[in-house]
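Shown next, in C-alpha cells, is the structure this report addresses.
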C-alpha cells in the first residue's frame, strides 16, 4: 500500500471521487472547536462489506497572516503583539490517522460492517436524523484505506464556503 501513497494520480482519483454527502449545518465558528465527521466506504478486500471511520477534526480559530500594517493587528484580535492583516486568513486542522487497524479512541473510531457501503451510509444518515445531530459531516470515500485524502476533501469544501467572501 505504501506505493499507492506515492501514486499522485491514484490519490487525485480518491480525492475527486470522494463525496461530501452532508456538511455540518452549524458551520465553522470563530474560536477553537471540534468538527465531527463520519466517513463510509467499501472494504478494500471485500467490497460487499463496508468500513466506517468516525473522527473529530480539531479546528483552530482563523489565523491572520499579516502582509502590511492596514487593518486590525493580530494582537487586537487574539490579544497578542504581532502585526497582522485581516485580508490573509487560514485555519489549522488536525485529525488522527491510523493505517489498516481496528481502532477506537475518543478521537477516532474505525469499524467494519457486514452491510455494503450504501447500506451503511443510509444507516448513518438515519442515525444522525433520528438524533437530530446537525454538526457532523458525512463523507463517502471510494477507498477507505486512504481516508485522510477524503477528509482533506471534506475540509477543503468547508473552507471554500467559509473563505468565499
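Can you spot a residue in region 77-93 that is in a loop (DSSP other than H, G, I, E, B), within 24 Å of residue 23 (Cα to Cα) and at pLDDT below 55? Break it down stepwise before answering.
Here is the first cut: in region 77-93, the ones in a loop (DSSP other than H, G, I, E, B) are 79-88, 91-92.
In the following step, the residues that additionally are within 24 Å of residue 23 (Cα to Cα) were identified as 91-92.
Add one more test, that the residue is at pLDDT below 55, and what stays is 91.
Yes, region 77-93 contains a residue that is in a loop (DSSP other than H, G, I, E, B), within 24 Å of residue 23 (Cα to Cα) and at pLDDT below 55.
Summed over region 131-154, residues that are crowded, with 20+ Cβ neighbours inside 10 Å and more than 16 Å from residue 17 (Cβ to Cβ) total 2. Taken as a whole, the condition of being modelled with pLDDT under 90 and touching a strand residue (DSSP E or B) at 6+ places or on another chain (Cβ under 7 Å) applies to residue 102.
Among the residues of region 32-61, those that are surrounded by fewer than 19 Cβ atoms within 10 Å (Cβ to Cβ), in a strand (DSSP E or B) and modelled with pLDDT under 90 comprise 33, 34, 56, 58. Taking the condition of being surrounded by 15 or more Cβ atoms within 10 Å (Cβ to Cβ) and assigned to a helix (DSSP H, G or I), how many residues in region 113-122 meet it? Within region 113-122, residues that are surrounded by 15 or more Cβ atoms within 10 Å (Cβ to Cβ) and assigned to a helix (DSSP H, G or I) number 3.
The values are calculated or read from the model by the stated rules, or taken from the named source; none is laboratory data. These numbers come from a predicted model, not from an experiment. Cβ coordinates were reconstructed from backbone atoms using ideal geometry, including for glycine residues, and neighbour counts include every protein chain displayed.
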